[in-house]
């Protein structure tokens with residue numbers, strides 16, 4: 001069974017480009033969501049192993065989504081993919097178990113994100 | 001100005017000051033001594049000649065009195081009454097009566113003490129005093145015998161027969177009608193009374209006295225204590241005779257006091273006339289006047305000495321001051337030129353002239369500034385000079401200079417007309433403001449970046465998203481044109497395309513390169529935005545007292561793990577030397593920002609080492625931290641090739657980079673400079689490292705960092 005990857009980004013082209021890129025490898029089942037609320041709904045149907053999350057979202061923020069999804073046990077590992085200018089890993093994200101290498105600032109290489117996902121999957125218990 | 005100083009130094013006054021002072025001093029001293037002795041001798045001579053004059057006066061006075069006495073006596077002897085009085089007859093008796101009255105009158109009016117008539121046998125026939133007649137005889141007296149022989153005679157008697165006092169007796173013969181001597185008429189004067197009258201007017205000093213001695217050495221007259229009639233001690237008499245013989249004063253000691261004696265003889269009486277006084281008394285005025293003269297000279301000498309000492313001090317002060325200003329001139333960091341106003345020729349130039357312009361002093365001395373192409377635009381020289389002649393001075397006239405190596409510099413000229421001695425000189429101070437200008441321009445650029453950074457902060461998020469799309473779209477393009485990717489091959493097959501052919505086409509038409517261009521351009525744009533944001537970052541809230549050693553360690557750690565860095569060189573190959581103090585005061589700063597600054601500098605050093613041609617054998621970066629009084633200094637230096645001269649001035653300039661496009665944004669050091677100076681109130685500068693390469697020096701203030 002292939003690991004599940006969820007891409008949460010309100011901008012469709014970013015979501016799609018990353019999804020298309022990852023999908024090519026036939027290593028994952030990739031889904032996309034445009035809001036935290038939608039993503040939570042999708043995860044309730046089928047949990048994911050890794051979620052790539054944009055921070056600035058309509059409705060609930062990326063951080064709120066991570067907290068929620070984590071507390072519900074719907075996803076184990078999260079990567080932040082943000083266009084934010086705040087270069088520092090916030091305390092909130094640190095609490096949620098994120099490290100500096102989980103942080104990707106747009107424009108980030110899809111290959112870099114892929115590499116980190118591959119690193120995380122064994123940890124995610126796949 | 002050194003030339004002017006030399007001219008000053010050539011004044012003989014200074015070098016010969018000490019001998020001149022000595023000569024003047026000795027001269028004044030000699031003249032003082034000469035004045036002292038000359039004055040003393042002169043005044044002494046005057047005192048002595050005055051004494052001699054007194055003596056002469058005494059002598060003349062005695063002589064005239066004696067003369068008067070003898071003349072009157074001679075006249076009397078011609079009266080018949082006296083001749084009759086000597087006869088023993090009736091007529092004689094009555095004549096004696098008349099003579100006696102007449103003689104008493106003569107004695108009574110004070111001219112003579114005694115007047116008496118002597119018979120040829122020596123007995124007194126008649127006298128002014130009645131108790132004299134018939135009481136004694138004077139037949140043995142010389143004056144009587146001489147008079148009896150027909151001469152007018154004079155004799156000084158030690159003691160008169162009647163008065164028993166020293167007497168001066170004058171005697172004259174009394175003749176009868178036939179000319180025969182029939183008796184003697186004599187007058188006597190008490191020598192003491194006689195001399196007293198004369199000596200009374202004689203005053204010599206305070207304890208001087210005049211006295212008269214007989215030829216035999218008997219005191220005839222003396223005004224005070226020692227009474228007359230006493231024989232004068234033999235030794236004193238010797239002194240008197242010695243003085244008479246030599247006609248000079250004779251000095252002798254008596255009771256421990258030196259006295260001076262001047263003596264002369266009176267020809268008529270044979271008397272010794274003596275004036276005697278304490279030597280000090282006679283010479284006191286001389287000594288006093290000499291002392292006054294000497295004193296005045298000494299005072300003059302003292303004044304001269306004071307004046308010369310003051311002059312000496314002034315000279316020394318002048319020399320020291322001259323020395324000081326000469327040094328200021330020579331070692332001033334700005335170029336200073338001194339030119340003659342008349343000829344326009346440079347007479348002096350300082351060391352900065354050589355170090356700045358590259359010209360030697362000798363190359364400009366004696367030439368005008370037009371003869372050396374210092375002015376990049378000769379019109380500037382005209383403008384400077386005309387402004388100087390109009391106003392007498394010029395302040396901060398800005399123009400371009402060309403140095404000997406051909407480089408151009410922006411200079412600020414200040415000129416002033418100064419008068420040294422009688423000549424007018426133009427003093428020009430030239431300040432090289434190239435660096436300052438450059439720094440100012442850089443600061444303007446940095447200010448611009450700050451405002452741009454503010455805008456960037458607002459739009460960064462919006463730009464990063466599309467940049468993300470560009471980058472990942474490009475990556476997808478790359479991935480989906482790969483001929484070895486299974487999915488691509490399958491999709492191609494479905495549409496009847498040969499992936500190998502597509503790949504060949506892509507390469508032939510450089511589509512792969514274009515895609516790579518898109519990717520790197522997106523990365524660059526994003527890096528620029530990130531750095532621009534650094535300029536606008538306001539992170540005071542995150543200020544905390546931090547240990548710079550920890551920050552430096554973190555930066556080194558980050559540098560060795562930097563992914564971007566790894567691409568161009570291996571940080572692990574570089575020997576990192578840490579030179580930290582054991583104790584270090586914490587400073588208030590934003591740790592992440594300082595970390596970024598150090599990372600930027602380390603990255604810069606590492607890139608310089610990697611790009612070095614020829615390669616550096618043992619690349620090394622040293623991080624040194626030292627504590628200063630009010631700041632902590634971090635120096636990051638390397639043994640790379642160093643910063644080329646033309647880059648130095650622009651190294652902190654935003655967007656200035658020497659790296660290949662895409663390797664650096666040209667903002668790293670600029671941002672660092674901004675963070676240190678604007679953000680932390682510190683100083684950041686570039687220096688030459690003792691290791692051979694560049695050294696970045698960062699000073700962070702201990703105080704104020706938290707409030708900046």
Exercise. Please work out which one of (1) crowded, with 20+ Cβ neighbours inside 10 Å; (2) out of contact with any helix residue (DSSP H, G or I) (no Cβ under 8 Å at 6 or more places or on another chain); (3) within 11 Å of chain B (Cβ to nearest Cβ) is the condition residue A:4 fails and give its number.
Key: (3)
Practice problem: Would you be able to say whether some residue in segment B:476-489 is in contact with a helix residue (DSSP H, G or I) (Cβ under 9 Å, 6 or more places away or on another chain), more than 26 Å from residue A:10 (Cβ to Cβ), part of a helix (DSSP H, G or I) and more than 14 Å from chain A (Cβ to nearest Cβ)? | Solution: no
Quiz item: Which members of segment B:586-599 meet the condition of being in a helix (DSSP H, G or I) and more than 14 Å from chain A (Cβ to nearest Cβ)?
Solution: B:594, B:597, B:598
Quiz item: Does residue B:503 count as at pLDDT 85 or above, assigned to a helix (DSSP H, G or I), away from every other protein chain (no Cβ under 14 Å) and over 27 Å from residue B:604 (Cα atoms)?
Solution: yes
Quiz item: Can residue B:112 be described as assigned to a helix (DSSP H, G or I) and either assigned by TED's automatic domain parsing to the domain that holds residue B:218 or touching a strand residue (DSSP E or B) at 6+ places or on another chain (Cβ under 9 Å) (or both)?
Solution: no
Quiz item: Has segment B:515-534 got at least one residue that is more than 10 Å from chain A (Cβ to nearest Cβ), modelled with pLDDT under 90, surrounded by fewer than 16 Cβ atoms within 10 Å (Cβ to Cβ) and not in a helix (DSSP H, G or I)?
Solution: no
Exercise. Residues being assigned to a helix (DSSP H, G or I), modelled with pLDDT under 80 and loosely packed, with under 13 Cβ neighbours inside 10 Å: count how many of those fall in segment B:8-26.
Key: 6
Quiz item: Is there a residue being in contact with a strand residue (DSSP E or B) (Cβ under 7 Å, 6 or more places away or on another chain) and over 20 Å from residue B:676 (Cβ atoms) anywhere in segment B:592-609?
Solution: yes
Practice problem: Kindly indicate the residue of segment A:47-68 that is crowded, with 22+ Cβ neighbours inside 10 Å and closer than 17 Å to residue A:121 by Cβ and also farthest from the other protein chains (Cβ to nearest Cβ) among those meeting that condition. | Solution: A:48
Exercise. Hey, can you tell me all the residues within segment B:82-100 that are part of a helix (DSSP H, G or I) and surrounded by fewer than 14 Cβ atoms within 10 Å (Cβ to Cβ)?
Key: B:90, B:91, B:93, B:94, B:97
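Each row is one residue, and each column tells you yes or no for (1) touching a strand residue (DSSP E or B) at 6+ places or on another chain (Cβ under 7 Å); (2) surrounded by 17 or more Cβ atoms within 10 Å (Cβ to Cβ).
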residue	(1), (2)
B:290	no, yes
B:300	no, no
B:312	no, no
B:324	no, no
B:332	no, no
B:346	yes, yes
Quiz item: Does residue B:305 qualify as being surrounded by 13 or more Cβ atoms within 10 Å (Cβ to Cβ) and not assigned by TED's automatic domain parsing to the domain that holds residue B:52?
Solution: yes
Practice problem: Determine whether residue B:68 is more than 17 Å from residue B:153 (Cβ to Cβ) and in the same structural domain as residue B:294 (by TED's automatic domain parsing). | Solution: no
Exercise. Check segment A:15-31 and report whether any residue there is away from chain B (no Cβ under 14 Å), buried (at least 16 other Cβ atoms within 10 Å of the Cβ) and assigned to a helix (DSSP H, G or I).
Key: no
Quiz prompt | Odd one out for residue A:115, checked against (1) touching a strand residue (DSSP E or B) at 6+ places or on another chain (Cβ under 9 Å); (2) closer than 24 Å to residue B:524 by Cβ | solution = (1)
Practice problem: Would you list the helices (runs of 4 or more DSSP H) that sit entirely within segment B:260-365 and hold 1 or more residues that are touching a helix residue (DSSP H, G or I) at 6+ places or on another chain (Cβ under 6 Å) and at pLDDT below 80? | Solution: B:279-331
Exercise. Considering each of B:472, B:440, B:445 in turn, give the residue that is assigned to a helix (DSSP H, G or I) and at pLDDT 90 or above.
Key: B:472
Quiz item: Under the condition of being in contact with a strand residue (DSSP E or B) (Cβ under 8 Å, 6 or more places away or on another chain) and surrounded by fewer than 18 Cβ atoms within 10 Å (Cβ to Cβ), which residue from segment B:46-69 is farthest from residue B:196 (Cα to Cα)?
Solution: B:48
Quiz item: Which one of these is at pLDDT 85 or above and buried (at least 16 other Cβ atoms within 10 Å of the Cβ): B:609, B:584?
Solution: B:609
Self-check item: So residue A:44, is it surrounded by fewer than 16 Cβ atoms within 10 Å (Cβ to Cβ) and in a loop (DSSP other than H, G, I, E, B)
Solution: no
Practice problem: Scan (1) over 26 Å from residue B:97 (Cα atoms); (2) assigned to a loop (DSSP other than H, G, I, E, B) for the single condition residue B:195 breaks and write down its number. | Solution: (2)
Self-check item: Leading residue by the ranking (nearest to the other protein chains (Cβ to nearest Cβ)) among those in segment B:453-471 that are touching a helix residue (DSSP H, G or I) at 6+ places or on another chain (Cβ under 8 Å) and farther than 30 Å from residue B:515 by Cβ
Solution: B:457
Quiz item: Which numbered condition trips up residue B:646, out of (1) touching a strand residue (DSSP E or B) at 6+ places or on another chain (Cβ under 6 Å); (2) free of Cβ contacts under 8 Å to residues at least 12 places away in the same chain?
Solution: (1)
Self-check item: Residues satisfying the stated conditions in segment B:143-174, i.e. touching a residue at least 60 places away in the same chain (Cβ under 8 Å) and at positive phi
Solution: none
Self-check item: Residue list for segment B:366-400, filter: assigned to a loop (DSSP other than H, G, I, E, B) and more than 15 Å from residue B:412 (Cα to Cα)
Solution: B:366, B:367, B:368, B:369, B:370, B:371, B:372, B:373, B:392
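The values are calculated or read from the model by the stated rules, or taken from the named source; none is laboratory data. Since this is a predicted model, take the numbers as computed values, not measurements. Reconstructed Cβ throughout: ideal geometry from the backbone, glycine too, with neighbour counts over all protein chains shown.
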